[in-house]
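See below for the structure under consideration.
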Amino acid sequence: EFPIENGRALQFIYSSKQIKTKGGLFAGTATSNVFRNSQFRKAMKAMQSECCSPDEVIFGPDFHQSLYCHLLCGLIFHEEIQLVSSTFAYSIVLAFRTFEQVWEELCDDIREGVLTSRITFPSVRSAMAKLLKPNPELADLIEKKCSGLNNWYGLIPELFPNVKYIYGIMTGCMEPYLKKLRHYAADVPLISADYGSSEGWIGANINPSLPPESATYAVLPNIGYFEFIPLKENVEEHMQDNGNVSFLSMEPKPVDLTEVRVGEEYEVIITNF
């Protein structure tokens, strides 16, 4: 739907620390396992969506410092950025809310070619030093663009003129962030990511050209075994009134993928491999 060429992606992604269990296994968040996988960079490059930030920023020990550096990397490669993404919509909103507060400092870094003292971790500073060179022309351009915006409307396409779309989980509890995200995005399409969980992917967005509020997902039955708890039955048939106290007596029996009915609501259970 939105073909991209050989460019870069501004990805607001962060990898928390992995711990080692007593049994010797590495444990961590699902996204940390993805970003730390040796195939992640190769896959992003093959999809022509290589992250513009170095690994040291993604794996940085401080979220706020990593966010600042993500923004700085995006500005350095501003003409190459073809998509902006994060795991969740609120992370993108938070990133550009932060930009509103620190954009002048970012311009100073670019103008002088020297990273702000707010970045304190040596590995991150060393990685950014390889990218950051004095560029007063770019600093002036960003300053001009930011000064010309009306309440930051259209900030994303203004900063990244070749951006094709913005991508992340935008349904469910992420929907409240869409209004602010559209303010930053102007006419740049918002594409809701597929429907997933830490335990396994659940569904694919079958029509990414639709706005996130109208997203429809097709369940991926080869990912795991899916069952569905009927929510309507849970409320109507298992609610008992005990004086002034109402409570759920028991959970209804789940149905499998072939037994779900159109128009009903269900809670999803996934049993992964």
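The values are calculated or read from the model by the stated rules, or taken from the named source; none is laboratory data. Keep in mind that what you see is a predicted model, and the values were worked out from it rather than measured. All Cβ positions, glycine included, derive from the backbone under ideal geometry; neighbour counts span all protein chains shown. Protein only, heavy atoms only, side chains kept; ligands, DNA and RNA dropped before computing areas. Shrake-Rupley method; radii C 1.70, N 1.55, O 1.52, S 1.80 Å.
Region 1-40 and region 250-273 have Cα centres separated by 30 Å.
Round to a whole number: what % of the accessible area of region 101-178 belongs to carbon and sulfur, probe 1.4 Å? Ligands and nucleic acids excluded, carbon and sulfur reach 51 percent. The Cα-based radius of gyration of region 44-186, divided by its Kirkwood radius, gives an Rg/Rh of 0.94.
Loop-located trypsin sites (Lys or Arg not before Pro) in region 129-198 (DSSP state not H, G, I, E or B) with no more than 16 neighbouring Cβ atoms inside 10 Å: 130. Whole-Hz Karplus values for region 90-100 come out as 5, 5, 6, 4, 4, 4, 7, 5, 5, 4, 4 Hz, taken residue by residue from phi with 6.51 cos²θ - 1.76 cosθ + 1.60 and θ = phi - 60°; glycine and proline positions read x. At what distance in angstrom do the alpha carbon centres of region 154-200 and region 50-115 lie from each other? Answer, in whole Å: 16.
Probing with 1.4 Å while keeping every protein chain in the model, the per residue accessible area of the chain equals 57 Å². Each 10 Å bin, from zero up to the one with the longest distance, holds this percent of the alpha carbon pairs of region 1-113: 13, 42, 31, 11, 2, 0.
For region 23-67, the share of accessible area belonging to carbon and sulfur comes to 59 percent (1.4 Å probe, ligands and nucleic acids excluded).
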